[in-house]
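Trainee: The following block contains the structure, expressed as structure tokens.
The values are calculated or read from the model by the stated rules, or taken from the named source; none is laboratory data. Keep in mind it's a predicted model, so treat the numbers as computed, not measured. Cβ atoms come from the backbone with ideal geometry, glycine included; neighbour counts cover every protein chain shown.
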Amino acid sequence: MALKSFKPYTKTTRGTVLIDRTGLWKGKPFKPLTSVNNSSKGRNNLGRITSRNHGGGHKQKYRNVDFYRRKFDSVAEIERIEYDPNRSCHIMLVKFEDGKKFYYLAPQKIKVGDKVQNGSNIEIKVGNCMPLHEIPTGIEIHNVELQPGAGGKIARSAGTSVTVSGVDGNYSLVKMTSGEVRKINSRCMATIGVLSNPDQKNIKIGKAGRSRWLGIRPHTRGVVKNPVDHPHGGGEGKSAGGRHPVSPKGQSAKGLKTRDNKRTDKFIVRRRNKRKDTK
């Protein structure tokens, strides 16, 4: 996929950069694999807002993507590659020899008519899904399971992949994009290839209206609020907040480590790389 820009007929089109979706399926999604997408609009099961500035947006049907890929010993043909409004990468509709159809995440360098497989002792090629212990070192993979049979959890967004970097007993060493190296059970499944739509990160929305279509509501800065609403609020006239940036609940916004999962620390071989702008 390539990027497309527009002639500057208006202030909006001057700065807009979008994805050129030429070559993707132009019709409706496969209805049996869709469901109603009742978005929570940033609220939890009690109706309280836990993620601010969410709401509205265009009506969407949820595509039931198969992250498990448990249909073994059968070859599937790619019928079409589609845009999915619920995720950043594209998806592909595959049809197996017995007529069953599934939605899978679509990797790069794959096209309509190609064949894909799931299982053991199959060819190592883009789109095939197999256990980690059968994947050679240095191969880029996506949709990686953390527990055998639990479905893919790692590397599921546009243009992402992780790399098999070695073996440690019953575990495979997987290097993340962040630089972290983690041990994952070698019986976990993973799919060969890098996910599609790598130019997603280069999109320039161009106007406020397009953000509203995506369900993103306006964001108000803390320094223009009242003290009762935000720690940076209040003050006489235009003020700078008077402290280091924090969230509305007072949590530091400058690199505070919030990870607290000691149960899985033993699986991390090397921590992720530090950001260059931090000391």
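For (1) in a helix (DSSP H, G or I); (2) β-branched (Val, Ile, Thr); (3) modelled with pLDDT of 90 or more, each residue gets a yes or a no:
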site	(1), (2), (3)
Ser211	yes, no, yes
Pro218	no, no, yes
Val223	yes, yes, yes
Asn226	no, no, yes
Asp229	no, no, yes
Gly233	no, no, yes
Ser239	no, no, no
Gly250	no, no, yes
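Trainee: So, one more: Could you tell me whether Arg259 is surrounded by fewer than 15 Cβ atoms within 10 Å (Cβ to Cβ), within 30 Å of Leu173 (Cα to Cα) and out of contact with any strand residue (DSSP E or B) (no Cβ under 8 Å at 6 or more places or on another chain)? Spell out how you get there, then give the answer.
Mentor: Values: surrounded by fewer than 15 Cβ atoms within 10 Å (Cβ to Cβ): yes; within 30 Å of Leu173 (Cα to Cα): yes; out of contact with any strand residue (DSSP E or B) (no Cβ under 8 Å at 6 or more places or on another chain): yes.
Considered against the rule, which asks whether it is surrounded by fewer than 15 Cβ atoms within 10 Å (Cβ to Cβ), within 30 Å of Leu173 (Cα to Cα) and out of contact with any strand residue (DSSP E or B) (no Cβ under 8 Å at 6 or more places or on another chain), Arg259 comes out as yes.
Trainee: Residue check, Val228 against (1) more than 18 Å from Ile49 (Cβ to Cβ); (2) surrounded by fewer than 10 Cβ atoms within 10 Å (Cβ to Cβ); (3) of a type in the set (A, V, I, L, M, F, W, C), all met but one. Which one?
Mentor: (1) is the only condition that Val228 fails.
Trainee: What number goes with the only condition from (1) part of a strand (DSSP E or B); (2) aliphatic (A, V, I, L, M); (3) in contact (Cβ under 8 Å) with a residue 24 or more places away in the chain that Leu24 does not pass?
Mentor: Leu24 satisfies every listed condition except (1).
Trainee: Give Gly119, Gly47, Gly57 a once-over and let me know the one that is without any contact (Cβ under 8 Å) to a residue 24 or more places away in the chain and small (Gly, Ala, Ser).
Mentor: Gly47
Trainee: What's the number of the only condition in (1) surrounded by fewer than 15 Cβ atoms within 10 Å (Cβ to Cβ); (2) modelled with pLDDT of 95 or more; (3) not aliphatic (A, V, I, L, M) that Gly99 fails to meet?
Mentor: (2)
Trainee: Considering each residue of segment 86-108, count those that are among the charged types (D, E, K, R) and under 19 Å from the mean Cα position of the chain (by Cα), and give that number.
Mentor: 1
Trainee: Give me the residue from segment 112-166 that is among the charged types (D, E, K, R) and under 21 Å from the mean Cα position of the chain (by Cα) and, out of that set, farthest from Arg69 (Cα to Cα). Before the answer, list the steps.
Mentor: First pass over segment 112-166, keeping only residues among the charged types (D, E, K, R): 114-115, 123, 125, 134, 140, 145, 153, 156.
Going one step further and asking which of them are under 21 Å from the mean Cα position of the chain (by Cα), we end up with 140, 145, 153, 156.
On the way: Glu140: 18, Glu145: 11, Lys153: 13, Arg156: 14 Å.
Restricting to residues being among the charged types (D, E, K, R) and under 21 Å from the mean Cα position of the chain (by Cα), the top hit is Glu140.
Trainee: Pairs only if they're at least six apart or on different chains, beta carbon under 7 angstrom, first in segment 169-182 and buried (at least 19 other Cβ atoms within 10 Å of the Cβ), second part of a loop (DSSP other than H, G, I, E, B) and small (Gly, Ala, Ser); list them, first residue then second.
Mentor: Tyr171/Ser186; Ser172/Ser186
For every residue, the table says whether it meets (1) surrounded by fewer than 18 Cβ atoms within 10 Å (Cβ to Cβ); (2) part of a loop (DSSP other than H, G, I, E, B); (3) within 21 Å of the chain's Cα centre (by Cα); (4) among the polar types (S, T, N, Q).
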residue: Ser39; (1), (2), (3), (4): yes, yes, yes, yes
residue: Gly57; (1), (2), (3), (4): yes, yes, yes, no
residue: Tyr62; (1), (2), (3), (4): yes, no, yes, no
residue: Tyr68; (1), (2), (3), (4): yes, yes, yes, no
residue: Glu77; (1), (2), (3), (4): yes, no, no, no
residue: Asp84; (1), (2), (3), (4): no, yes, yes, no
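Trainee: For segment 199-206, indicate whether the set of residues that are within 28 Å of Glu123 (Cα to Cα) and not hydrophobic (A, V, I, L, M, F, W, C) is non-empty.
Mentor: We begin by selecting, within segment 199-206, every residue within 28 Å of Glu123 (Cα to Cα); these are none.
Scanning segment 199-206 turns up no residue that is within 28 Å of Glu123 (Cα to Cα) and not hydrophobic (A, V, I, L, M, F, W, C).
Trainee: From the list Ser88, Ser74, pick out the single residue that is of a type in the set (S, T, N, Q) and farther than 17 Å from Asn197 by Cβ.
Mentor: Ser74
Trainee: Being more than 27 Å from Ile154 (Cα to Cα), of a type in the set (Gly, Ala, Ser) and loosely packed, with under 10 Cβ neighbours inside 10 Å narrows it down to one of Gly206, Gly237, Gly241, Gly233, so name that one.
Mentor: None of the others qualify; the one that does is Gly237.
Trainee: Taking the condition among the β-branched types (Val, Ile, Thr), surrounded by 18 or more Cβ atoms within 10 Å (Cβ to Cβ) and at negative phi, does Ile122 pass?
Mentor: No; evaluated as a whole, the condition is false for this residue.
Trainee: Let me spell it out: the conditions are (1) over 25 Å from Thr160 (Cα atoms); (2) part of a strand (DSSP E or B), and Arg52 meets all of them except one. Which number is the exception?
Mentor: For Arg52, the failing item is (2).
Trainee: Note down all Cβ pairs under 6 Å where the first residue falls in segment 123-141 and is more than 26 Å from Gly113 (Cβ to Cβ), the second is of a type in the set (A, V, I, L, M, F, W, C) and assigned to a loop (DSSP other than H, G, I, E, B), and they're at least six residues apart or on different chains.
Mentor: Pairs that qualify, where the first residue is more than 26 Å from Gly113 (Cβ to Cβ) and the partner is of a type in the set (A, V, I, L, M, F, W, C) and assigned to a loop (DSSP other than H, G, I, E, B), are Leu132/Cys188.
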